[in-house]
Each structure stands twice: as structure tokens, then as C-alpha cells.
Amino acid sequence: MYEGPIQDLIDELSRLPGIGPKSAQRLAFHLVKAPAEEAKRLAEAILQAKERIFFCKECGNVAEGDLCRICRDESRDRTVLCVVEEPKDAATIERAGVVRGRYHVLGGAISPLDGIGPDDLRVQELLERVEREGVSEVIIATNPNLEGNATAMYVAALLKPVGVKVTRLASGLPVGGDLEYADEVTLSQALEGRREM
Amino acid sequence: MRVLWVELRDFRNHAQTRLEAVPEGLVVAVGPNGEGKSNLLEGIAYLFLVASPRTSTSEPLVRRGAEAAYARGEIEAAAGRVLVEIEIPARGASRVQVNRSPVRRKRDLRRQVRAVFFGPDDLDVVRGDPAQRRRFLDEAVTSLWPLKESAVTAYDKALRQRNRLLKDWDGRGTPAGLEVWDEELVRTGSLLTALRADAVSRVAPAAEQEFRRLSGYGLECEYRPSVAGEDLAGAFRARLAERRADELARRTSLVGPHRDDLALAVRELGARAFASHGEAWGAALCLRLGLAEAIRAELGERPVLVLDDPFSALDPRRQAEVARGLSGRGQVVVSVADEAHVPEHADAVWDVSAGRVTVRARTDGRRASGVESGVEQGRTPGEA
Ligand SMILES: [Zn+2]
């Protein structure tokens, strides 16, 4: 334990996901030892992101205004929704260029161990969107791991009474893994081979 | 399968131990307790498992004053030679290289090389609570089919998720999303149950046979799954429905492979409660020998057997029986504390003292009969 500003910095850093106390300490001392401009640039970037980045009112993806680039794009197929856990997953699928529709970002996956239940995700918004916008197919592209799978089952059960076609990415994705690490070929094969839930 | 050479550096009390030209057949490490023979066997097992069969943390593996322990060795398998190099830091994950390339997951090594370890802690498999036998079942699954390790970890995760959901539930209605965790438990649990049943169906007959040879009477070894039936998933769902009220009241999962057991009995008495110490020890040893036999049948190749102090708890007749039974099993590395327990037919004898190993000289095709007459040679490099 240290005192004053250095401990405050360590405490703040260790709150970030994936940063343990040891890493927080290393980062804090790196920042303190770094030139003042470097620390300023980082602080500025964080503030700018906080002030200028919003979440799309439609899909929950990152946006610079009310709506994200994809939701503003009139040429996208409005009858297809691709459900993902995080904005980075939408970006991964977008890079592969295989979804003509739009996205719906849940904001995570169901995981009681992390204190995340269905109510902490944007599932109600999904249901409303599907009903309001006349969506005909929902492609569930949550991560191919236990939590992603549980989330997919939950969403599928919720959408069943609505009568919309619900599909899940085909296997072939590395099981237990993260969508992020799937290459584009694997991803487009998984999309082509998606099966109805 | 065979260890060709092994080197331990800063591993427990072995500052630097290198053993060359380890023979096929029976290899015996002998020395008083606390001198490092069990550590040597642990190091050999580590090369195969990337884990210690004796401890779950790496700190005790690192010699006092050192930053990391190293285990290196080469294993000859039917598919080719496998050079294994492992760095074990006191804290953090071990780094593993196989044939000079780093591997990310333990199973990437485990699918190439196989060993079965027996140690005094195995007595708990017979005498301990059911959790110890479930651990044996999962070890059997993962050593028979290393790629199925994910089935074990997936069930464990699903169970922890579901238990947390039940525990954190505010008591109103039903826990949100319980249905999907039921399904995850059923999906991963049915798979694990099937794998455990399959493993037992292969290990049990071999273990029973080993025990009969040792004792003259049988060992019964039967899988008692929490959920059974032709349609495993269906039976699982039905049991969950039956126990729903109990689960909500007790806020924990009451159905599934985490409630399995392996029933062991000798002379029709439950081994846990009734077997003598010698019988219990023999049963524990025979389960490992049975597992080795099951792996041989599955793989078409014998795993290396690493047996830490298998004789001490056995009466002289059983000792002799076990010792005789250790030839013709491929490479078997055994430790004994007592010179009198070194089997006559050993193919190599290693004297272990204060973390140093001396290979005992062989005389006219047979090993020297004792320390006094043995010529000291083959000192480990870096010494002398
Ligand atoms: Zn949007």
C-alpha cells in the first residue's frame, strides 16, 4: 500500500476489467514516470471518449450521435437483426462483411458469477425492436462459450412467442472461445451454416 | 511410451538432477524419506501432466532461493519423440515448450504423452469422501481422452453459474434465467456422465482383475451416477423438476455429476468403511493400474507408470505380488524407502540422497545387490 495520489491512481486502475492489483501498480508507476504530455494525452483521450461517444439509441452500439453509422444507413436490410454481446463483436462481424442487416448489442452475456442477469442486458429493447420494426430473422451471434450459449437460449425462448425466425451461428467457431478471435472465413462459414433454434 | 532422459533444476530439493538413458522396464528410486525420491517422481509426472499430482500450487515446487523450477525431458512415443521443457515460476502459470514450440493448453501436451501416477494420497480415493472418487473419475476421463478435458471444465462452470444464481436469488418468483442454466447443466452434465460411465466401463474390469491377482478375491467397482437412464438428458430434466422445490429451498444444485460416486467393495463390503488398510491401499493402487491398462487398450500404447511408494502399506505377500506384477508393463518408475523393497528384477536403481541421484552400477547383467558393493558412477552433471 502506498499513500496519496499514487494509491488513488492504483485504486482507479485496478477497477478496470482485466487489471489486477499487480498490473495496476505497474501501470501507475509507468504513468508517473512517463513524460507529463503522455499522461495528459491519455487523460484527454479518456475524457474525449466519455464526452463524444454515445451508445446508439436503436442498437446499443457505439455512436457519435443518437444513431450509429449502421442504423443510419438506409441501404441495410431492416428485416434482419444480428444479436451480439458487445460493440466489439459487431465490429468483428462487420469486418467479415457477411451481415446485410443491422445489429443489436446486448451489453454482455448472462453470467450469475459476474452478477449479470437477463435484466442487466438489453433484451427487452430487443423484443420491442423486433415487434416494432417487422424483423423477420434474428441471428444470435453471442460468443461460443457457456455464457454466450445460455444467453442465446434465453433470447431465443423470449422471441419464440413473437413468431420471428431465430437462428444461431453454426458450430465451427472455436468452442469456449471468443467471437473476437474467429477469422473472417470461419465467421462467414458460421453465418452461412446458421441453424434455426 | 518411455522417458528417455529427464532433468530437474531447482525442482523441490533437486538443484540439478539429470538422468540419461532411462531404461524401458522397472526403474526403482530408493532412499530414505525426505531425501527427494518422491520429488523426483513428481518431476517425472510433471513432464506429462503439466501439473503436480501432489500439490495444486507451484510455490512448493520451486527450490528455496530459486525463482523458478525447471523440468525437462524427452519421451519416446509410437508417434515419435517428444521433447518437453517446462518452466515453473513460484507464482503464475507454467510455461511449456513441446519440441521447442510453446504450447498454450495442457491438453496439447497431454494428447501426445501419457503417464499414470500413483501416490500415497490415492488412499483417499478409497477412504475419502465421494469428491475424491469424482476427481479420480475425471482424471480417468481426461487421461483416456485428453481433449475431453473441456467437458469436465464446462460442467464445473455451468454448476458454479447455476449455484451462484440460486444463492443470489432474492426469493421472489423463480431466479431469472433459471431455465437456461437448467439446460446448460443438463447439456454439460449429460456429456460428463456419459464420459464417466464410459471411463469406468474400461477401467473397472482391469482394476478388478489386478486386485484379484493381488488378493485372490475380487474388487467391485461400479459407477453410481446422480442421473442415469437411456435418455440421459430427459432423465436429468425429470430429476431437476422433482428436486426443484428442494433446490430453491436449499439454494444449491442437488442433481448432477457433482453428486456422483464410484462404489468400491471388497468381499461384498463397502471398501470405504470395511476394507483393511492393506486392502484399501491395494484397491487404490489397482485403480491406477486399471487406468493404465485402459489407456493401453485405447491408445495401443502403454502409458508410463509412476508409482510413488506403492509397497510400504502392503503386507509382504502382497508386496511381492505387486513387485512381480510390475514387469512386462512397459516403463515403470517406482520409489521405495526401504532397500529391502527394491525388487530383484529391477532394470535400473537410482539411489536418492539429499536431492542427488546416483545411478547404481549393474554387474554382469544384473544390478549390484547393495550400496556397499555398488560402484558409484553416473553422477549427475554439474556435480563431482
Ligand atoms: Zn445502431
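The values are calculated or read from the model by the stated rules, or taken from the named source; none is laboratory data. None of the values given here were measured: they were computed from a predicted structure. No Cβ is skipped: glycine too gets one built from the backbone with ideal geometry, and neighbour counts run over all protein chains shown. SASA here: full protein model, heavy atoms, side chains in, ligands and nucleic acids out. Shrake-Rupley method; radii C 1.70, N 1.55, O 1.52, S 1.80 Å.
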For B:Arg12, residues with placed amide H under 5 Å, excluding near neighbours: B:Val62, B:Arg63
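So which trypsin sites (Lys or Arg not before Pro) in the range B:92-174 are both in a DSSP loop and have at most 10 other Cβ atoms within 10 Å of their Cβ?
B:Arg100, B:Arg104, B:Arg172
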Relative to chain A, whose Cα atoms define the longest principal axis, helix A:87-96 and its Cα axis are tilted in degrees, nearest 10, by 60 degrees
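Averaged across A:108-120, how many Cβ atoms of other chains sit within 10 Å of each residue's Cβ atom? All intermediate terms of the calculation are to be shown ahead of the outcome.
Values: counts 0, 0, 7, 5, 15, 8, 2, 2, 1, 6, 3, 2, 1.
Per residue, the average neighbour count from other chains is 4.
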The Kirkwood hydrodynamic radius of the protein assembly as shown, taken as the inverse of the mean 1/r over all distinct Cα pairs, in Å, comes to 27.7 Å
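If you count, for every residue in B:163-176, the Cβ atoms of partner chains within 10 Å of its Cβ, what is the mean?
Values: counts 2, 5, 5, 1, 1, 4, 2, 0, 0, 0, 0, 0, 2, 7.
Mean partner shielding for this stretch: 2.
Once you have the Cα-Cα distance between A:Ala170 and A:Asp8, take 0.36 nm times their residue separation minus that, and quote the gain in nm to one decimal.
Working: separation 162, 0.36 × 162 = 58.32 nm, distance 4.62 nm.
So the extension gain works out to 53.7 nm.
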Once neighbouring chains are kept in place and the probe is 1.4 Å, which whole percent of the accessible area of the range A:5-52 is contributed by carbon and sulfur? 62 percent
Global form of chain B, assessed from the alpha-carbon gyration tensor, a/c cut-off 1.5: prolate
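Using the 2.2 N^0.38 Å rule of thumb for compact globular proteins, work out how the range B:286-347 stacks up: its C-alpha Rg over that value, please. Can you show the working numbers first?
Details: Rg = 12.0 Å, N = 62, 2.2 N^0.38 = 10.6 Å.
Cα Rg divided by the expected 2.2 N^0.38 Å: 1.14.
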Any chance you could list P(r) for the range A:5-52, counting all Cα-Cα pairs in 10 angstrom bins from zero, rounded to whole %? 26, 51, 23, 0
Karplus-derived 3J(HN,Hα) from phi for the range B:345-360 (6.51 cos²θ - 1.76 cosθ + 1.60, θ = phi - 60°), whole Hz, x at Gly and Pro, runs 8, 4, 8, 7, 10, 10, 8, 10, 8, 6, x, 10, 10, 10, 7, 6
Work out the FRET efficiency for B:Glu67 and B:Gln97 from their Cβ-Cβ distance, taking R0 = 25 Å, and round it to the nearest 0.05. 0.90
Using just the alpha carbons, could you tell me how many Å³ per residue the convex hull of the range A:22-121 encloses? 154 Å³
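Is the range B:253-331 rounded, prolate or oblate when judged by the Cα gyration tensor, a ≥ b ≥ c being the square roots of its eigenvalues, rounded requiring a/c under 1.5 and prolate requiring a/b larger than b/c?
On the way: a/c = 2.58, a/b = 1.20, b/c = 2.15.
Because a/c hits 1.5 or more and a/b fails to exceed b/c, the range B:253-331 counts as oblate.
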For the range B:87-139, the per residue accessible area (1.4 Å probe, Å²) is 52 Å²
May I ask for the Rg/Rh ratio of the range A:75-168, computed from Cα atoms with Rh as the Kirkwood radius, given to two decimals? 0.94
Specify the angular offset, from 0 to 90 degrees and rounded to the nearest 10, of the alpha carbon long axis of helix B:149-168 from the longest principal axis of the alpha carbons in chain B. 40 degrees
What's the average, rounded to a whole number, of partner chain beta-carbon atoms within 10 Å of each residue's beta-carbon in A:147-153? 5
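How long are the semi-axes of the ellipsoid equivalent to the range B:124-302, from square roots of 5 times the Cα gyration tensor eigenvalues, in whole Å, largest first?
Working: eigenvalues 228, 64, 31 Å².
Equivalent ellipsoid of the range B:124-302: 34, 18, 13 Å, largest first.
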Per-residue ³J(HN,Hα) for the range B:197-208, Karplus 6.51 cos²θ - 1.76 cosθ + 1.60, θ = phi - 60°, Hz, x for Gly and Pro: 4, 4, 4, 5, 5, 9, 7, 4, x, 5, 5, 4
Over all viewing directions the Cα convex hull of the range B:83-130 casts an average projected area in nm² of 5.1 nm²
Within a Cβ distance under 15 Å of B:Ala115, other residues only, what is the Lys/Arg minus Asp/Glu net charge? +1
Taking placed amide H atoms and a strict 5 Å upper bound, the residues 5 or more places from A:Cys82 or on another chain that come that close are A:Arg102, A:Tyr103, A:His104, A:Ile139
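Taking the Cα centre of the protein assembly as shown as origin and charging only Cβ (+1 Lys, Arg; -1 Asp, Glu), how large is the dipole, in debye to the nearest 20? Provide the component values of the computation, followed by the final result.
On the way: 84 positive and 90 negative charges, 90 e Å.
Dipole of the protein assembly as shown, to the nearest 20 debye: 440 debye.
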Estimated FRET transfer efficiency (A:Phe55, B:Ala297; beta-carbon r; R0 45 Å; 0.05): 0.20
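Can you tell me the relative contact order of chain B? Whole percent, Cα pairs under 8 Å, sequence separation 6 or more.
Reported as a whole number, the value is 25 percent.
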Of all C-alpha pairs within chain A, those more than 21 angstrom apart amount in percent to 58 percent
Cα axis of helix B:130-144 to longest principal axis of chain B: angle in degrees, 0 to 90, nearest 10? 70 degrees
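For the range A:113-197, report the % of Cα-Cα distances exceeding 22 Å. Numbers along the way, then the final one.
Working: 1040 of 3570 pairs.
When every Cα pair of the range A:113-197 is considered, 29 percent fall beyond 22 Å.
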Links exceeding 29 Å between C-alpha atoms in this model, out of A:Lys22/B:Lys37; A:Lys165/B:Lys167; B:Lys37/B:Lys157; A:Lys33/A:Lys88; B:Lys106/B:Lys157; A:Lys33/B:Lys106, come to A:Lys22/B:Lys37; A:Lys165/B:Lys167; B:Lys37/B:Lys157; A:Lys33/A:Lys88; A:Lys33/B:Lys106
Asserting the computed 222 nm helical MRE of chain B (DSSP H runs at least 4 long, -39500 (n - 2.57) per run, divided by residue count, to nearest 500) equals -13000 deg cm²/dmol
